[in-house]
1. Among Phe91, Gly29, His63, whose Cα lies farthest out toward the positive end of the dipole of the chain, if unit charges sit on the beta carbon of Lys, Arg (+1) and Asp, Glu (-1)?
2. For Ser163, which sequence-distant residues (separation of 5 or more, or a different chain) have an amide H within less than 5 Å of its own amide H, given hydrogens modelled in the peptide plane?
3. Restricting things to alpha carbons, find the Rg to Rh ratio for region 153-225 using the Kirkwood radius for Rh.
4. Under the rule a/c < 1.5 gives rounded, and otherwise a/b versus b/c splits prolate from oblate, where does region 1-142 land using the Cα gyration tensor?
5. Tally Lys/Arg at +1 and Asp/Glu at -1 over every other residue whose Cβ is under 14 Å from the Cβ of Glu5; what's the total?
6. Could you check the spin-label model distance between Asp106 and Ile399? Points 7 Å from the Cα along Cα→Cβ, value in nm.
7. Take Leu55, Leu486 and sort them by solvent-accessible surface of the protein heavy atoms, 1.4 Å probe, largest at the top.
8. Against the longest principal axis of the chain, how steep is helix 544-555, in degrees 0 to 90 to the nearest 10, with axes from Cα atoms?
Amino acid sequence: MFDEEDLAEIRNGRERWEEETLDPFLERGERKEEFVTVSNHEVDRLYTPEDIADLDYDGDLGHPGEPPYTRGPYPTMYRGRTWTMRQFAGFGTAEETNDRFHYLIDEGQTGLSTAFDMPSLMGIDSDHPMSQGEVGKEGVAVDTLRDMEILFDGIDISEISTSFTINPSAPVIYAMYIALADEQGVPREEIRGTLQNDMLKEFIAQKEWVVPPAPSLDIVTDTIEFAVKETPKFHPVSVSGYHIREAGSTAAQEAAFTLADGFAYVEDCLDRGLDVDEFAPLLSFFFNSHNSIFEEIAKFRASRRVYARVMEEWYDAEADESKRLKFHTQTAGQSLTAQQPLNNIVRTTIQAMAAVLGGTQSLHTNSYDEALALPSEDAVRVALRTQQIIAEESGMADIVDPMGGSFAIEKLTNEMEAEIMAYIEEIRDIGDGSVRDGVLDGIDQGYFHREIQDASYEYQKRVDAGKETVVGVNQYQIDEDTSPDLLKVDKGTQNRQLNRLAAVKGERDDSAVDAALDDLDAAIENDENVMPSIIDAVKAYATMGEIMAVFEDHYGAYQEAVGLA
């Protein structure tokens, strides 16, 4: 972008500045011995055109809405419409979460995002012995289609996009939503939303699973194949780095492992015989946004660039939609502190700004009390208002890629891209040329665990040594009690849910349930797509646990057994 004569002049100017202006100030010292990001990536004092001398404007940046999408996936970005404001919500029974959904819609939220309780997440019913004490505690309890009907009572699902954060039992929730659309008379091809359904990251970071990795991957591919044919506006998988980052990874590891998981799904779909330009546009991604604002912006921009290039060069994607990385962002739960919880509003604002400046398509902002409990209505309102103020008052949404061209941002983006690609190539080597096999082998060998463990340990060492400041925790502490009023789940929740589940079981046609479950077992045995059978089962009011038990009986339960040394 600069010729040699210009660079030489800039270099001379910098050398003069360092000698005449900088050095006298350095005699007083700087406030730190080293300046690093949350990921322990060193940042320079000053960036100049020398740092991006090799940058190819068209090849590395381009224009918004055009490959390699560094500057954004769409040409107008937020000047066309703002990102979807999608606050995560779910607790207690379906009635209580339905009330929260209506509250959020009334407050101006533009998309719904559903949190499930632990039994639902693990594919067991509320009346299972393991569910005791967990029903409705960290999300909404969903056992049967009846719960889904109540959850969306009074909500026209043709008018709103809904996200479901659930993984091993995700196909059952997907089937329930399709069944609900059928009940409401909404054509399947018109329903919009996203299913997390990212089982590879479960084995890497979050640790929610039912069956082993290989059959789990096969089931995810079933949902993608079904979505291409039946629900083309619904994203059947949200490849998720959020949980990888929450487990302690660096920003580059988060992006690299997430993209590698995405490429693993691509390879599995291709092996299934699917056309990349039919299924790739339905893939979506989910990233974390942490405190180091410039690092995060660079991560988002570099991820788009890597994805576009790999999809074209490795997987022969031709359609723009197949190369356009689209992602949801959530602010960093790991960064929230129980101490002085109101400080979390500021942290969340910084992280939200990074997501917006990095070009996210939708955003969840954490509530300030989430380090302590499920968020209260007041805390949820502040979190949503944070997004609305950024969108409506800051001017941040008015310029496409406003950080583009910054010497620092472009240099950090280039460094991030190089680090991401180095990890992806390493994973590909583990799989002897296949990213999918590399991810599966890496899970078995504990590769991802070791990488995340080491990064997490290094970060915590810096916090403990005072090199990484956490306001209110290792500096600027106060003695007074700053605990806010907390949301508490009603102790009667479990009984109400158990009563509804018992009523459904008492009213349904058990022979129809048994027939539907037998059909599902046959579909698995014959290596057929399981989604039609799951939809039939939920329409017969088979329970979540009954459906997932068919998979567990067939494949066996997964037991993790890897060494981290």
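1. Toward the positive end, the furthest listed residue is Phe91.
2. Leu112, Ser113, Thr114, Thr194
3. The Rg/Rh ratio comes out at 1.03.
4. Note, shape of region 1-142 comes out prolate.
5. Values: positive: Arg11; negative: Asp3, Glu4, Asp6, Glu9, Glu50.
Its environment carries a net charge of -4.
6. So the label points at Asp106 and Ile399 sit 3.9 nm apart.
7. Accessible-area ranking of Leu55, Leu486, largest first: Leu486, Leu55.
8. Between helix and principal axis, roughly 80 degrees.
The values are calculated or read from the model by the stated rules, or taken from the named source; none is laboratory data. None of the values given here were measured: they were computed from a predicted structure. Please note: Cβ atoms are built from the backbone with ideal geometry, for glycine as well, and neighbour counts cover all protein chains shown. Side chains included, ligands, DNA and RNA excluded: accessible areas come from the protein's heavy atoms. Shrake-Rupley method; radii C 1.70, N 1.55, O 1.52, S 1.80 Å.
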